[in-house]
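> I have a structure I would like to understand better, so I am pasting it below and will then ask my questions one at a time.
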Amino acid sequence: NESSQYPMTNLFIGDTRIGCKSDADEQLIIHVSFMEFVKVHSIKFTEFNRGAEPENNPTVVKIFVNRCNLGFEDVDDVDPTQEFELGAEDLRESSDPCLLKFVKFQRVKSITLFIEDNAGGDVSALGGLKFLGKTVSTTNMNDFKKQG
């Protein structure tokens, strides 16, 4: 449900002027998959176009871990892993990232963000998105030696 002019992939470019916008209303679902399991300790949300459209800033964001096929019809039936209420100060480029409940983000393969509401605009817009954490080390079965 992202705007074709402002797709989700723009969030990771580093230029907040060409971020991501919803296409029809304030609600937006952003699904991000990782190549391997990761531990995520915080998320940095950045306002669209350095705050030029403050009414489009997200205010309520629900985060779901490892829910690949979550759609609008499902978000009310599933408890979010964590929820944030964001203010304009949380979205500034100079602001600190939002800390996650680290114990719930230990083995993450995908994260779904549901922007439920914004600051009063017709659509929601986000300028940038960063996930901070590290990969989960995996066991290499070739390292095991046969015993006995």
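The values are calculated or read from the model by the stated rules, or taken from the named source; none is laboratory data. Model, not experiment: these values are computed from the prediction. Cβ: placed from backbone, ideal geometry, glycine included. Neighbour counts: every protein chain shown. Surface areas here come from the heavy atoms of the whole protein model, side chains and all, with no ligands, DNA or RNA. Shrake-Rupley method; radii C 1.70, N 1.55, O 1.52, S 1.80 Å.
> Scan around Val136 for amide H atoms under 5 Å from its own, H built in the peptide plane at 1.01 Å from N, and keep only partners 5 or more places away or cross-chain.
It is Phe37, Val38, Lys39, by chain and number.
> In whole percent, how big is the carbon plus sulfur part of the accessible area of segment 14-110, probe 1.4 Å, protein atoms only?
46 percent
> So how compact is segment 54-93: Cα radius of gyration and Dmax in angstrom?
12.2, 33
> Please report, for the Cα atoms of segment 90-135, the Rg to one decimal and the Dmax as a whole number; what are they, in angstrom?
Rg and Dmax of segment 90-135, Cα atoms, are 13.1, 37 Å.
> Spelling out what I want: for every residue of segment 72-86, take phi, set θ = phi - 60°, compute 6.51 cos²θ - 1.76 cosθ + 1.60 (Karplus), and round to whole Hz; glycine and proline get x.
Per-residue couplings from phi come out as 4, 6, 9, 4, 7, 8, 10, 6, x, 5, 7, 10, 10, 10, 9 Hz.
> With springs only between Cα atoms under 10 Å apart, run a GNM on the chain and tell me which of Ile13, Ile115, Ile30 wobbles the most.
Ile13
> Something else: With only Lys, Arg, Asp and Glu charged, each at its Cβ (+1 for the first two, -1 for the last two), find how big the charge dipole of the chain is about the Cα centre; round to the nearest 20 debye.
Roughly 1340 debye for the chain.
> Tabulate in residue order the Karplus-calculated ³J(HN,Hα) for segment 122-131, using 6.51 cos²θ - 1.76 cosθ + 1.60 with θ = phi - 60°, rounded to whole Hz; enter x for Gly and Pro.
6, 10, 9, 9, 9, x, x, 8, 10, 9
> A further question follows. What is the sum of charges, Lys and Arg at +1 and Asp and Glu at -1, for the other residues whose Cβ falls under 12 Å from the Cβ of Val32?
That works out to +3.
> Also, quick follow-up: When Lys and Arg each count +1 and Asp and Glu each count -1, what net charge do the other residues less than 12 Å away from Asn66, Cβ to Cβ, add up to?
Values: positive: Arg67, Lys104, Arg107, Lys109; negative: none.
Taking every Cβ under 12 Å from that of Asn66, the sum is +4.
> Put +1 on the Cβ of each Lys and Arg and -1 on the Cβ of each Asp and Glu in the chain; which of Gly51, Leu126, Leu11 then has its Cα farthest toward the positive end of the dipole?
The residue sitting farthest along the positive end of the dipole is Leu11.
> Now for a separate question. I'm spelling it out carefully: the read-out is Kirkwood radius over Cα pairs in Å, the candidates are [x] 19.7; [y] 15.1; [z] 16.1, and one was derived from this structure. Which label?
Label [z] holds the value from this structure.
> I want to verify a result. In a Gaussian network model of the chain, Cα cutoff 10 Å, which of these has the top mean-square fluctuation: Asn57, Asn49, Asn118?
Asn49
> Here is the link list: Lys21/Lys109; Lys21/Lys134; Lys44/Lys134; Lys39/Lys104. Which ones come out longer than 18 Å on Cα distance?
Those over the limit are Lys21/Lys109; Lys21/Lys134.
> Contact order normalised by length for the chain, with contacts defined as Cα pairs under 8 Å and 6 or more residues apart; what percent is it?
For the chain, the relative contact order is 40 percent.
> If you don't mind, another one. Got a sec? What order do His41, His31 fall in by accessible area at 1.4 Å, biggest, i.e. largest, first?
Sorted by accessible area, descending: His41, His31.
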